[in-house]
Amino acid sequence: MLKWGIHEKVNVITVDNASNMTVAINVSGGHILKLGCFAHTLNLAANKVLTIPGFCNVLAKIRSVVYFFHKSNIGTELLKMKQKALDLLEHRLIIDCRTRWNSTYYMLERFLEQRPAILATLLDGTVKRLHDKSKLVSGLSDSEIQNCEDFVKIMQVMETAIKVLSEGKSPTASLILPLLTKLRKHFHSNPEDSTFLHNLKSAISGNLAIRYTDPDVVNFLEEASALDPRTKNRSCISDTTFLEKELSRSVFCLLHSSMIIMNYQTIWI
């Protein structure tokens, strides 16, 4: 940036959370604020769920079922027949990618949607399996199915947030603090939560708690939210405004002071 003479024109850089990005910004010259990509941050937090003890085994069992249908033409055709008989959508089962948590979300969502047809197919005597049928059918307990349903239900908010942040035609920096506040509240553990839900919420909330704590970053995000018509007057937590009155006043005072300084510098230049 020093070489190109743009170090005074760049104030903020959005990067992923890799340490080498921090080093690159530090050596680029100028006082540049590093803003971690929020979508990448949410993906990192969501991936923590996939390492919960016990849940990995559940995912492995479901993958074995999905693999079977992906490899067996007979099984796939019979599944389509069962889908029609049960009046289900003729959707193909989805196999996940280990490095993309949302692919696991889609896999479980589709598996639960098609579970009646899957069970009917695996119990059908015309299917020739490469694996032991009894293991495929009885491998998931009721509690494990409940955990999968809880996962899909609770993680739907995370998936929606990432889609919102992937918008390419409108600014998203102003949405970070409102969404982060909502997600922290959403993943707050409750006494009535099951052990799995408690572990899931703790994994994500613990990861989100350490994100965007730098005062300069927080100030920048507050100003972005205050200036965005979509967020400056919207309620984010129950009936309270995201930018509370005192905070809102301080943010707008800072913005007003910055504008005065900019106008003063423009006049003298």
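The values are calculated or read from the model by the stated rules, or taken from the named source; none is laboratory data. This one's a predicted model, so the numbers in the text were calculated from it and none came from an experiment. Cβ sites come from the backbone with ideal geometry, for glycine too, and all protein chains shown count toward neighbours. Note: accessible area is taken over every heavy atom of the protein model, side chains too, but ligands, DNA and RNA are not part of it. Shrake-Rupley method; radii C 1.70, N 1.55, O 1.52, S 1.80 Å.
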**Item:** E90, sole failed condition from (1) surrounded by fewer than 15 Cβ atoms within 10 Å (Cβ to Cβ); (2) more than 30 Å from Y212 (Cβ to Cβ); (3) in contact with a Lys or Arg (Cβ under 8 Å, 6 or more places away or on another chain); (4) in contact (Cβ under 8 Å) with a residue 12 or more places away in the chain
**Value:** (4)
**Item:** Matching option when the condition is without any contact (Cβ under 8 Å) to a residue 12 or more places away in the chain, open to solvent by 30 Å² or more (accessible area, probe 1.4 Å) and either in contact with a Lys or Arg (Cβ under 7 Å, 6 or more places away or on another chain) or in a helix (DSSP H, G or I) (or both), among K169, K182, K163
**Value:** K163
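Residue under question is S134, and the condition is that it be assigned to a helix (DSSP H, G or I), at pLDDT below 90 and open to solvent by 20 Å² or more (accessible area, probe 1.4 Å); does it hold? It would help to see each step written out before you state the result.
Details: assigned to a helix (DSSP H, G or I): yes; at pLDDT below 90: yes; open to solvent by 20 Å² or more (accessible area, probe 1.4 Å): yes.
Yes.
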**Request:** Could you run through the range 198-210 and say how many residues are open to solvent by less than 30 Å² (accessible area, probe 1.4 Å) and either among the charged types (D, E, K, R) or over 15 Å from the mean Cα position of the chain (by Cα) (or both)?
**Result:** 1
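Only one residue in L119, L112 is without any contact (Cβ under 8 Å) to a residue 60 or more places away in the chain, open to solvent by 30 Å² or more (accessible area, probe 1.4 Å) and farther than 30 Å from R184 by Cα, so which one is that? If you could, list the steps in order and put the result at the bottom.
Working: L112 fails: farther than 30 Å from R184 by Cα.
Going through L119, L112 in turn, the sole match is L119.
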**Output for the range 1-18, where each listed residue is within 27 Å of L165 (Cα to Cα), open to solvent by 90 Å² or more (accessible area, probe 1.4 Å) and out of contact with any strand residue (DSSP E or B) (no Cβ under 7 Å at 6 or more places or on another chain)** = K9
**Message:** Based on this model, can you work out whether M158 counts as closer than 23 Å to G36 by Cβ and of a type in the set (A, V, I, L, M, F, W, C)?
**Reply:** yes
**Message:** So S248 ticks every box in (1) open to solvent by 40 Å² or more (accessible area, probe 1.4 Å); (2) modelled with pLDDT under 65; (3) part of a helix (DSSP H, G or I); (4) not aliphatic (A, V, I, L, M) but one. Which box is left unticked?
**Reply:** (1)
**Complete:** Taking the range 139-149 and the residues there that are part of a helix (DSSP H, G or I) and open to solvent by less than 30 Å² (accessible area, probe 1.4 Å), the one that is nearest to A203 (Cα to Cα) would be C148
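Answer yes or no as to whether D142 is within 16 Å of V58 (Cβ to Cβ), within 31 Å of the chain's Cα centre (by Cα) and at pLDDT 95 or above. Don't jump to the end; show me each part of the working.
Values: within 16 Å of V58 (Cβ to Cβ): yes; within 31 Å of the chain's Cα centre (by Cα): yes; at pLDDT 95 or above: no.
Here the answer is no, as D142 does not meet what is asked.
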**Which listed residue, of E113, E77, is within 25 Å of V49 (Cα to Cα) and among the acidic types (D, E)** = E113
